[in-house]
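Take a look at the structure below.
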Amino acid sequence: MPSTILVVEDEPAIQELVAVNLTFAGHKALRAASVDQANTLIRAELPDLILLDWMLPGSSGVQFARKLRSDERTRDIPIIMLTARSNESDKIEGLEAGADDYITKPFSPKELIARIKAVLRRRAPQLTDDLVELGNLKLDPATHRLNGINAEGKLINLEIGPTEFRLLHFFMTHPERVYSRAQLLDQVWGDHVFLEERTVDVHIRRLRHALTPSGHEYLVETVRGSGYRFSINASKAVATVD
Ligand code: CA
């Protein structure tokens, strides 16, 4: 699945090279030349991964990585450090600051894309094409189909629309936890600034509608005053379906 990747790099030629290669690999590239610019972009849209240069004007990439790790909203974003430094103690400092991986310049675009894929697979399985299994449900990112067996023992095979798919994928990889509308906008849409929270309600309704043919709409629970939860243990009787 395409991911939104923020490139924080002050050298224009490297920033351009990285961004072009990300776009070519099917990702959406956001660009920043400083920590300030990166903060502005992150406030508007939560990226799926950050490529972070070590040496930046004003604040170092390592300091920025520490700050991202200490903030609840950005804590879980995978970070790959880009650096010209290659000695062991620098690598350790970068990893201790919370980086998931480390790439030494100069690097090949092919290696960069492969490392991104590996980090996303490890840290953000919801962004890969791996089959998601929960209870007796299987969601296939390659075909956007939900397969399984329903409570009556009937085989199900549903096609899920793109936005509902992203929402269902997030829920199935993060089950049994309550998410507020703002958190869902951040995590599923990557945007909690320009979208209204009502957007979530609209797509929750559509997702329940999509799950109705197999009788699974009750798995998407409304938690009054808090948000929504996808629960494989949900009770059919108490579900709020609107
Ligand atoms: Ca630099």
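List of remarks:
- Taken as Cα centroids, segment 42-113 and segment 1-35 sit 13 Å apart, rounded to the nearest whole angstrom.
- The amide H of SER59, built 1.01 Å from its N in the peptide plane, has VAL35 as neighbours under 5 Å, considering only residues 5 or more places off or on other chains.
- With all protein chains kept in place, the per residue accessible area of the chain amounts to 50 square angstrom at a probe of 1.4 angstrom.
- Taking only the Cα atoms of the chain, the ratio Rg/Rh comes out at 1.03, with Rh defined as the Kirkwood radius.
- For the chain, a crude dipole built from +1 on the beta carbon of Lys and Arg and -1 on the beta carbon of Asp and Glu, taken about the Cα centre, is about 480 debye to the nearest 20.
- The chymotrypsin sites (Phe, Trp or Tyr not before Pro) of segment 185-220 meeting both criteria, a DSSP state outside H, G, I, E and B (loop) and at most 15 other C-beta atoms within 10 angstrom of the site's C-beta, are PHE194.
- For segment 85-155, the list of trypsin sites (Lys or Arg not before Pro) that fall in a loop by DSSP and count at most 12 other C-beta atoms within 10 angstrom reads LYS154.
- For segment 87-195, the alpha carbon convex hull comes to 164 Å³ per residue, rounded to a whole number.
- Exposed GluC sites (Glu not before Pro) absent: longest stretch of the chain, with sites in DSSP loops and at most 11 other Cβ within 10 Å deemed exposed: 73-151
- Solvent-accessible area, 1.4 Å probe, carbon plus sulfur percent, for segment 55-101: 48 percent
- When the chymotrypsin sites (Phe, Trp or Tyr not before Pro) in segment 6-111 are filtered for DSSP coil states and for at most 11 other beta-carbon atoms within 10 Å of their beta-carbon, no site remains.
- Cα long-axis angle, helix 35-44 against the chain (0 to 90 degrees, to the nearest 10): 10 degrees
- Computed over the Cα atoms of segment 132-241, the ratio of the radius of gyration to the Kirkwood radius (Rg/Rh) comes to 0.94.
- Normalised Debye scattering of segment 4-127 at q = 0.16 Å⁻¹ gives log10 I(q)/I(0) of -0.69, counting only Cα atoms as equal scatterers and leaving out solvent.
- Checking the cross-link pairs LYS67/LYS110; LYS154/LYS236; LYS67/LYS105; LYS28/LYS138 against a 20 Å limit on the alpha carbon distance flags LYS67/LYS110; LYS67/LYS105; LYS28/LYS138 as lying beyond it.
- Here the relative contact order of segment 4-127, from alpha carbon pairs under 8 Å that lie six or more residues apart, stands at 22 percent.
- Label-point gap, in nm, between ARG205 and VAL178 - each point 7 angstrom along Cα→Cβ: 2.3 nm
The values are calculated or read from the model by the stated rules, or taken from the named source; none is laboratory data. Computed from a predicted model, the values in this text were never measured in an experiment. Heads up, the Cβs are rebuilt from the backbone with ideal geometry, glycines too, and the neighbour counts pull from every protein chain shown. Heads up: the accessible areas ignore ligands, DNA and RNA and are worked out on the full protein's heavy atoms, side chains in. Shrake-Rupley method; radii C 1.70, N 1.55, O 1.52, S 1.80 Å.
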